[in-house]
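K.L.:
This structure is in structure tokens; I'll ask about it shortly.
The values are calculated or read from the model by the stated rules, or taken from the named source; none is laboratory data. Bear in mind the structure is a predicted one, so any value in this text is a computation, not a measurement. For neighbour counting, all protein chains shown are included, and Cβ atoms are generated from backbone atoms with ideal geometry for every residue, glycine included.
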């Protein structure tokens, strides 16, 4: 199975939709996804994700299925009155997450001072449960860090979601401490991240990232990459 994790197109956060540029991005994305086909399309219930996904669903004449657990993790991961003001946890500067004497692990990432009194760990654990339920429906049951193939398949499924959610989900799928993913990666608007459920035996598959944040459809359409979510020195 191939799982495509797709961030919504350029957002109009005020009106919870996508901008004019975002509509052009979504059209280019739909053309790209149609070139190799999809079997199923899922979306966050948030309108900016639905508005992005609609172009692909209409072009491929597929149902657009809503998965409520894939909505953005705001306000659950909002940090209030920090030294940077009110901030999304994924936007904490990387030097804070990586500035300790030891790098974060699965067991310690949430103990950093900026997170230690926050419910970030509980939010992440809930996402893990929902992810495992979703993938089980598609034939892959998680056991530890790998997935038992109960119904191995070659389906291609797309999930239209959000930048913060997508990064947090990747941390779970790839078994990387979540703060390292938050501070080490970024998903551009309308970008496509491809996860192959790499199956080397009849029993087991392991999620493998074979493409992170691909925006080739934007280059083909002559559209610039919008820096939504990059706070500092993006050019």
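K.L.:
Report the residue count in region 24-45 for those that are surrounded by fewer than 17 Cβ atoms within 10 Å (Cβ to Cβ) and touching a strand residue (DSSP E or B) at 6+ places or on another chain (Cβ under 9 Å).
P.N.:
Narrowing region 24-45 to residues surrounded by fewer than 17 Cβ atoms within 10 Å (Cβ to Cβ): 31, 34-37, 39-40, 45.
Cutting the leftovers down to touching a strand residue (DSSP E or B) at 6+ places or on another chain (Cβ under 9 Å) gives us 36-37, 39-40, 45.
Qualifying residue count for the region: 5.
K.L.:
Further question: Condition test on residue 124, is it more than 30 Å from residue 202 (Cβ to Cβ) and in contact with a helix residue (DSSP H, G or I) (Cβ under 9 Å, 6 or more places away or on another chain)? Steps first, answer last, please.
P.N.:
Details: more than 30 Å from residue 202 (Cβ to Cβ): yes; in contact with a helix residue (DSSP H, G or I) (Cβ under 9 Å, 6 or more places away or on another chain): yes.
In short, yes.
K.L.:
From the set of residues in region 216-234 that are in contact with a helix residue (DSSP H, G or I) (Cβ under 8 Å, 6 or more places away or on another chain) and in a loop (DSSP other than H, G, I, E, B), which is nearest to residue 94 (Cα to Cα)?
P.N.:
Initially, region 216-234 is screened for residues in contact with a helix residue (DSSP H, G or I) (Cβ under 8 Å, 6 or more places away or on another chain), giving 216-218, 220-221, 223-226, 228-229, 231.
Imposing the further condition that a residue be in a loop (DSSP other than H, G, I, E, B) reduces the set to 221, 223-226, 228-229, 231.
Numbers: 221: 32, 223: 29, 224: 25, 225: 22, 226: 21, 228: 17, 229: 14, 231: 12 Å.
In this case the residue turns out to be 231.
K.L.:
Can you name the residue in region 80-95 that is surrounded by 10 or more Cβ atoms within 10 Å (Cβ to Cβ), in a strand (DSSP E or B) and touching a strand residue (DSSP E or B) at 6+ places or on another chain (Cβ under 9 Å) and is also modelled with the highest pLDDT among such residues?
P.N.:
The extreme case among them is 88.
K.L.:
From the set of residues in region 31-47 that are in contact (Cβ under 8 Å) with a residue 60 or more places away in the chain and part of a helix (DSSP H, G or I), which is nearest to the chain's Cα centre (by Cα)?
P.N.:
Of all residues in region 31-47, those in contact (Cβ under 8 Å) with a residue 60 or more places away in the chain come to 31-33, 36-44, 46.
From what's left, part of a helix (DSSP H, G or I): 31-33.
Working: 31: 21, 32: 19, 33: 17 Å.
The selected residue is 33.
K.L.:
Here's another thing I want to ask about it. Check 193, 168 and return the single one that is touching a helix residue (DSSP H, G or I) at 6+ places or on another chain (Cβ under 9 Å), touching a residue at least 12 places away in the same chain (Cβ under 8 Å) and over 25 Å from residue 35 (Cβ atoms).
P.N.:
The conditions single out 168.
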